[in-house]
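Bear in mind that the values in this text are calculations on the coordinates, not laboratory data. Since we're looking at a predicted model, the values are computed, not measured. Here the Cβ is made from the backbone with ideal geometry for all residues, glycine too, and neighbour counts use every protein chain on show.
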Amino acid sequence: MKLVSYKTEDREHLGIFANGHIYNINSFNKALPDNMNDFLWGGDELMERALRINEDLLNGKIEGKEEPFYELLAPVPHPTSCRDGYAFRQHVEAARRNRKVPMIPEFDQYPIFYFTNHNAVQGPGEVECMPDHFQKLDFELEVAVVLNKKGRNIRAAEADSFIAGYMVMNDMSARTLQMEEMLLNLGPAKGKDFSTVIGPWLVTPDELAPYKTACKPGHTGNTYNLQMKCSVNGKQVSSGNMADMDWTFAEIIERCAYGCDVLPGDVIGSGTVGTGCFLELNGTGLLNNPDYQPQWLQPGDLVEMEITGLGVLSNVITKADTDFSILRLKKL
């Protein structure tokens, strides 16, 4: 099942995307909320009701009135929190090699994550950036999950049951801001807090069952053979696979929930897939060829991320009409 959040006449709704159309889920069953957050708090009971509606729609047992005019939002437009992991060894290894530092052994000991700005989550469409963001503006190709159960001290063996669904995620990064502030060993902050993009819809685990594959030896949890790619202005720049995750979402959730509550509506990203950002690609290019021309996102660029089974997330990068710069506020 594919769930969407969308807006009509400045009002947000929850819908099912089926047969190429969006249907308001509340129109089929008034017991189902008309927004994603309340739906996720309903856990498995509401999910099962929605799955039955989706099956009946696909089988033609019921008909619904499709939404003709809408604005597609992030599937989870108001997350209770947003964390991002660091699950792909290939990306970490390449980034460190490009900086001429050894692979950090702690990567293989435990999964890590950081909190980003859950109020800056957005969906398909324009991503407006400030002038300083364009100092090495980058995309990051990832998978994200959202939870629909409250839990604490969850073990990895049971953690997949807390996942409501999967989404494409673009963890936008302003690299100059990020690199400067992280010299102080705190962050990331301004390099990350302006936009995290998820979408185009939330895909429930049942749809991904045909792609299920074994996780890495010594690890626990579901993973899927999902091809991941990113194109900028129609040219493919990244290619990877979700099956390359070294740390599973189950293991990341286990760590997230240690000694604290995780909640319905919590969004968790996988971290960047190998080759999944310009920072890595530029570093590898310069390492192999000193004449390599680095590339960063520019105003007007079209970023399209596609993951098998999860759809295509499309965004156009725009520049805010201002000359305000926090980089110029640095004390000398």
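In the stretch 291-332, Rg over Rh equals 1.17, where Rg is the alpha-carbon radius of gyration and Rh the Kirkwood radius from pairwise Cα distances. Projecting the Cα atoms of 186, 41, 161 onto the charge dipole of the chain (Cβ charges, centred on the Cα centre) puts 186 farthest toward the positive pole. For the stretch 22-100 versus the stretch 294-332, the inter-centroid distance based on Cα atoms is 24 Å.
Could you please tell me the mean projected area of the C-alpha convex hull for the stretch 101-166, averaged over all directions and given in square nanometres to one decimal? Display every interim value, and only then the final one.
Details: hull surface 30.6 nm².
If I average the Cα hull's projected area over directions, I get 7.7 nm².
Sum up the charges of everything whose Cβ sits under 15 Å from the Cβ of residue 70, counting Lys and Arg as +1 and Asp and Glu as -1, but leave residue 70 out.
Counting the neighbours of residue 70, the net charge comes to -3.
At most 16 other Cβ atoms within 10 Å plus a DSSP loop assignment makes a site exposed; report the longest stretch of the chain without any exposed GluC sites (Glu not before Pro). That gives 64-332 as the longest site-free run. Divide the volume of the convex hull around the Cα atoms of the stretch 62-176 by the residue count and you get 170 Å³ per residue.
What area, in nm² and to one decimal, does the C-alpha convex hull of the stretch 2-72 cast on average over all directions?
The orientation-averaged projected area of the Cα hull of the stretch 2-72 comes to 4.4 nm².
Kirkwood radius for the stretch 106-224, taken over all pairs of different Cα atoms as the inverse mean of 1/r, rounds to 16.5 Å.
The reciprocal of the average 1/r between distinct C-alpha atoms defines the Kirkwood hydrodynamic radius, which for the stretch 179-276 equals 16.1 Å.
Applying both filters, DSSP loop and at most 10 other Cβ atoms within 10 Å, to the trypsin sites (Lys or Arg not before Pro) of the stretch 20-64 gives 30, 61. Its DSSP H runs of at least 4 residues, each contributing -39,500 (n - 2.57), put the calculated 222 nm mean residue ellipticity of the chain at -5500 deg cm²/dmol, to the nearest 500. A cut-off under 11 angstrom between Cβ atoms defines the neighbours of residue 85, and their net charge, with Lys, Arg +1 and Asp, Glu -1, is -3. Distances between every pair of Cα atoms in the stretch 81-329, grouped in 5 Å steps from 0 to the bin holding the largest one, split as 1, 6, 13, 19, 20, 17, 12, 7, 3, 1, 0 percent.
Local charge sum around residue 314 (other residues, Cβ-Cβ under 12 Å, Lys/Arg +1, Asp/Glu -1)? List each step's numbers first, then the result.
Values: positive: none; negative: 126, 301, 304, 306.
Residues near residue 314 contribute -4 overall.
Build a GNM of the chain with springs between Cα atoms under 10 Å apart, and of 268, 25, 317 the one that fluctuates most is 317.
So, with +1 on the Cβ of K and R and -1 on the Cβ of D and E, and no other charges, what is the size of the charge dipole of the chain about its Cα centre, to the nearest 20 debye? Mind showing how you got there, number by number?
Numbers: 31 positive and 45 negative charges, 165 e Å.
Approximately 800 debye in magnitude.
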